[in-house]
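Enquirer: Provided herewith is a single structure, encoded as structure tokens, for subsequent inquiry.
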Amino acid sequence: MKKLRYKIIGMSCAACATSIDRSLKSLAGVGNVSINYLTNILEIEIDEQIVSIETIIRSVEALGYGIKE
């Protein structure tokens with residue numbers, strides 16, 4: 001599993017973090033997901049053989065948030 005850390009843009013509350021968390025955990029190849037809505041930091045573990053970083057980014061963006069390293 002590869003550990004990644006991203007800054008989420010536009011997340012303002014616990015409900016925002018929960019929706020991102022649910023979306024990412026539903027993807028095959030995603031392990032641990034940790035989101036801190038106070039600092040806007042996403043920490044995620046992925047199996048790159050199953051899910052790509054681009055898929056993670058698209059999933060977050062599809063919810064209306066920005067994401068950057």
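Readers should treat all values here as calculations from the given coordinates under stated rules, not as data from a laboratory. Note that this is a predicted model, so its numbers are computed, not measured. Virtual Cβ from ideal backbone geometry, glycine too; neighbours counted across all protein chains shown.
Enquirer: Among Val60, Ile46, Gly31, pick out the residue whose Cα is farthest towards the positive end of the charge dipole of the chain, where Lys and Arg carry +1 and Asp and Glu carry -1 on C-beta, about the Cα centre.
Expert: Val60
Enquirer: Contour minus end-to-end for Ala28 and Ile41, with contour as 0.36 nm per residue of separation and end-to-end as the Cα-Cα distance? Display every interim value, and only then the final one.
Expert: Details: separation 13, 0.36 × 13 = 4.68 nm, distance 2.14 nm.
This chain segment gains 2.5 nm when fully extended.
Enquirer: Right, here's the next one. Please report the equivalent ellipsoid semi-axes of the chain, computed as sqrt(5 x eigenvalue) of the Cα gyration tensor, largest first, in whole Å.
Expert: Working: eigenvalues 67, 25, 23 Å².
Each semi-axis is √(5λ); the values are 18, 11, 11 Å.
Enquirer: Sticking with this structure for a sec: How large is ³J(HN,Hα), in whole Hz, for each residue of region 53-61 in order, when computed from phi with the Karplus curve 6.51 cos²θ - 1.76 cosθ + 1.60 and θ = phi - 60°, using x for Gly and Pro?
Expert: Result, ordered by residue: 4, 4, 5, 4, 4, 4, 5, 5, 5 Hz.
Enquirer: If you stretched the chain out fully between Leu4 and Glu69, how much longer would it get, using 0.36 nm times the residue separation minus the C-alpha to C-alpha distance?
Expert: Working: separation 65, 0.36 × 65 = 23.40 nm, distance 0.86 nm.
Working it through step by step, the gained length comes to 22.5 nm.
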